[in-house]
1. Within region 63-174, considering only helices (runs of 4 or more DSSP H) that don't extend past its boundaries, which have at least 3 residues that are touching a residue at least 60 places away in the same chain (Cβ under 8 Å) and at negative phi?
2. Under the condition of being exposed (fewer than 15 other Cβ atoms within 10 Å of the Cβ) and touching a Lys or Arg at 6+ places or on another chain (Cβ under 7 Å), which residue from region 9-35 is farthest from L203 (Cα to Cα)?
3. Quick check, is A138 surrounded by fewer than 22 Cβ atoms within 10 Å (Cβ to Cβ) and either within 15 Å of the chain's Cα centre (by Cα) or of a type in the set (A, V, I, L, M) (or both)?
4. Could you check region 217-251 and list, in sequence order, the residues that are surrounded by fewer than 16 Cβ atoms within 10 Å (Cβ to Cβ), of a type outside the set (D, E, K, R) and on the phi < 0 side of the Ramachandran plot?
5. Return only the number of the condition from (1) touching a residue at least 60 places away in the same chain (Cβ under 8 Å); (2) surrounded by 17 or more Cβ atoms within 10 Å (Cβ to Cβ); (3) over 15 Å from F70 (Cα atoms) that Y39 does not satisfy.
6. Looking at this structure, is S204 closer than 19 Å to T34 by Cβ and of a type in the set (S, T, Y)?
7. Could you list, in sequence order, the residues of region 17-36 that are within 23 Å of M81 (Cβ to Cβ) and either free of Cβ contacts under 8 Å to residues at least 24 places away in the same chain or not β-branched (V, I, T) (or both)?
Amino acid sequence: MNGLHHVGNCIRPPSEYNAILLQATLGCSHSKCTFCGAYRDKKFALKDRKYLEADFEFAAKYCRHQDRVFVMDGDALVMPMKDWKWLLTNIKEKLPWVRRVTCYANLKSIMLKTDRDLAWLHENGLTAVFLGLESGHARVRKDIRKGGTPEELVHHCKRLRRSGIRLVTIVLLGLGQLDLSLDHARETGKALTAIDPEAVSALSLIPLPNTPLGQAFERGEYKVPDAMGMVAELRELVKHTDLSRGAFRSVHVSNYLNVDARFPGGKAEVLNTLDQALAGGISLKPEWMRGL
């Protein structure tokens, strides 16, 4: 039997492993980040509705045991409201058992939505978005061509949170290279504290050969902290991140040390674990286990 219609590489958060993957957009509307090679196989576009209509028919028949929908690709939130209204209406009507709808977002896609738009999306089924915050450091954001200032990032993420949509932020250790390593962690922690998301996921940079950053790394022009440097950076991030009630995780395969805690209660224990690792009391993940 034929499955859902997907084009190119399809990426979803680990937590959405059992979600129905509806590809409503192709690629990423920004597609300039120097470290990212995720969507270089396709140009950004809105998916033709005829494919989505067929996907709904398939999902209605064969995906009745999956109660989540993840809307792809890279920053599907950027879709115009008319397309979101069509999509969420169809999810309600054709997949009525679905209880959670999520997608990726970036700063630009939030900025393009009014407060009323965000509230409508939440009220009509958009449960949560995953946002690649990456860094709260102004120079680092500029260097990696992330787009937007830390101040804009905080302001618009707060807007999103006020709408009721849950926010899961993704940050990337190592983007500050050696000279800005701890500054990057510190400023990122401050931004996270100001935003106060429901969850933070910390990943560690692995330079990819099909990216500008990876090519600069191969030429010796980009210096990534070593294992202990990454753990020190993670500790600085944790130290400066205060969440009123949120998850903090570094369980991605790229990380040298996994932590998984709820803040604020679990913060002291995480700091203690990181201090033990920096003192040599806890073994770090070997390099060969960090493959993507």
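Read-outs: derived from the displayed coordinates by stated rules, not from any lab. Computed from a predicted structure; not experimentally measured. Every residue, glycine as well, gets a Cβ built from its backbone with ideal geometry; the counts of neighbours run over all protein chains shown.
1. none
2. N18
3. yes
4. M228, S244, V251
5. Of the numbered conditions (1) touching a residue at least 60 places away in the same chain (Cβ under 8 Å); (2) surrounded by 17 or more Cβ atoms within 10 Å (Cβ to Cβ); (3) over 15 Å from F70 (Cα atoms), the odd one out for Y39 is (1).
6. Judged against the criteria, S204 is a match.
7. Residues satisfying the conditions are A19, L21, L22, Q23, A24, L26, G27, C28, S29, H30, S31.
To keep it simple, each residue is scored yes or no on (1) surrounded by 18 or more Cβ atoms within 10 Å (Cβ to Cβ); (2) out of contact with any strand residue (DSSP E or B) (no Cβ under 7 Å at 6 or more places or on another chain); (3) among the β-branched types (V, I, T).
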residue	(1), (2), (3)
G176	yes, yes, no
D179	no, yes, no
H184	yes, yes, no
E198	no, no, no
L208	no, yes, no
